[in-house]
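A.B. asks: Dropping the structure in here first, questions after.
The values are calculated or read from the model by the stated rules, or taken from the named source; none is laboratory data. Note that this is a predicted model, so its numbers are computed, not measured. Cβ: placed from backbone, ideal geometry, glycine included. Neighbour counts: every protein chain shown. Quick note on the areas: whole protein, heavy atoms, side chains included, nothing else; ligands and nucleic acids left out. Shrake-Rupley method; radii C 1.70, N 1.55, O 1.52, S 1.80 Å.
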Amino acid sequence: MEKNIVLIGFMGSGKTSVGKKLSMDLKREFIDMDDFIVNKEGMSINDIFKKKGEAYFRSLEKELCKRFADPKSKIIATGGGVIKNDENVANLKKGGIILYLKSTPKQIAYNLRFDNTRPLLAGSGKEEKIARLLEEREPAYNKCADIILDVSNIDIDETLEKIKALIK
């Protein structure tokens, strides 16, 4: 059984889009942790945050990370904040290669320009909020990544080619 490929990075950095295409290319199962939680809970992440709180959401994330501690040849797209918990990172590292899809606040804001479902980016000043949160999280992304790939100025096909070359 090959190790999981775990995609981390800020919301809007392309984890889901890249993960779906990579899973097709490599013929591996794809799991989007946020979608998994939404399906399990029967409500959007926005609603989970509003009705049950961020701590509840993070506990669901933590349980999923434990499930992925064994290598199962999967492609896993994590939520943007999964790296805030050292135990999550340790579990994901046990079973996988952690690949950080790094991007700029400007590119992320562009990627999320039509997305109003992100509770941490609600209201105006999206790019400023992204920059502030990214500055907070960047050290953790860098620390836990086995591979860092800057995807700011490359398209999805180029991203896939670079990932395939890096994981060989």
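A.B. asks: Which pairs in the list Lys74/Lys129; Lys74/Lys106; Lys21/Lys93 are over 24 Å apart, alpha-carbon to alpha-carbon?
C.D. replies: Working: Lys74/Lys129 32 Å; Lys74/Lys106 30 Å; Lys21/Lys93 22 Å.
The answer is Lys74/Lys129; Lys74/Lys106.
A.B. asks: Considering amide H positions built from the backbone, and no H for Pro or chain starts, which residues 5 or more places from Asp150, or on another chain, come under 5 Å of its amide H?
C.D. replies: Excluding prolines and chain starts, which carry no amide H, the hits are Lys102.
A.B. asks: Separate question: Could you pull out every residue, at least 5 positions away or on a different chain, whose amide H is within less than 5 Å of the one on Ala77? Hs are placed 1.01 Å off N in the peptide plane, and Pro or chain starts have none.
C.D. replies: Counting only residues 5 or more places away or on other chains, the set is Leu7, Ile31, Asp32, Met33.
A.B. asks: Follow-up. Listed here are the pairs Lys51/Lys126; Lys15/Lys50; Lys3/Lys27; Lys20/Lys50; Lys66/Lys162; which of them are more than 19 Å apart at the Cα?
C.D. replies: On the way: Lys51/Lys126 23 Å; Lys15/Lys50 24 Å; Lys3/Lys27 14 Å; Lys20/Lys50 28 Å; Lys66/Lys162 28 Å.
Checking Cα-Cα distances, Lys51/Lys126; Lys15/Lys50; Lys20/Lys50; Lys66/Lys162 exceed 19 Å.
A.B. asks: Take the solvent-accessible surface of the protein heavy atoms, probe 1.4 Å, and return the percent of it on region 26-89 that carbon and sulfur atoms account for. Mind dumping the intermediate values first?
C.D. replies: Values: 1560 of 3180 Å².
Exposed carbon and sulfur together represent 49 percent of the surface.
A.B. asks: For region 99-158 and region 26-90, compute the distance between their C-alpha centroids and round to whole Å.
C.D. replies: 18 Å
A.B. asks: What list of ³J(HN,Hα) values in whole Hz, one per residue of region 131-144 in order, does the Karplus curve 6.51 cos²θ - 1.76 cosθ + 1.60 (θ = phi - 60°) give from phi, with Gly and Pro shown as x?
C.D. replies: For region 131-144, the Karplus-derived couplings read 4, 5, 5, 5, 4, 5, 8, 3, x, 5, 4, 4, 5, 8 Hz, x marking Gly and Pro.
A.B. asks: If you don't mind, there's one more thing I want to ask. Please enumerate, by chain and number, the aspartates and glutamates with C-alpha under 18 Å from the C-alpha of Lys164, excluding those fewer than 8 residues away in the same chain.
C.D. replies: Candidates past the 8-residue exclusion: Glu2, Asp25, Glu29, Asp146, Asp150, Asp155.
A.B. asks: Between Glu2 and Glu87, how many nm apart are label points set 7 Å from Cα along the C-beta direction?
C.D. replies: About 3.1 nm, to one decimal.
A.B. asks: For Lys52, which lysines qualify as cross-link partners when the Cα separation must be under 18 Å and same-chain residues fewer than eight apart are set aside?
C.D. replies: Within the straight-line cut-off, Lys52 pairs with Lys40, Lys62.
A.B. asks: Turning to a different aspect of this structure: What do you get when you divide the Cα radius of gyration of the chain by 2.2 N^0.38 Å, with N the number of residues? Intermediate results must be reported in sequence, preceding the final value.
C.D. replies: Details: Rg = 15.0 Å, N = 168, 2.2 N^0.38 = 15.4 Å.
Compactness ratio reported: 0.97.
A.B. asks: Extension gain Ser44-Glu135, at 0.36 nm per residue separation less the Cα-Cα distance, in nm?
C.D. replies: Working: separation 91, 0.36 × 91 = 32.76 nm, distance 2.61 nm.
This chain segment gains 30.1 nm when fully extended.
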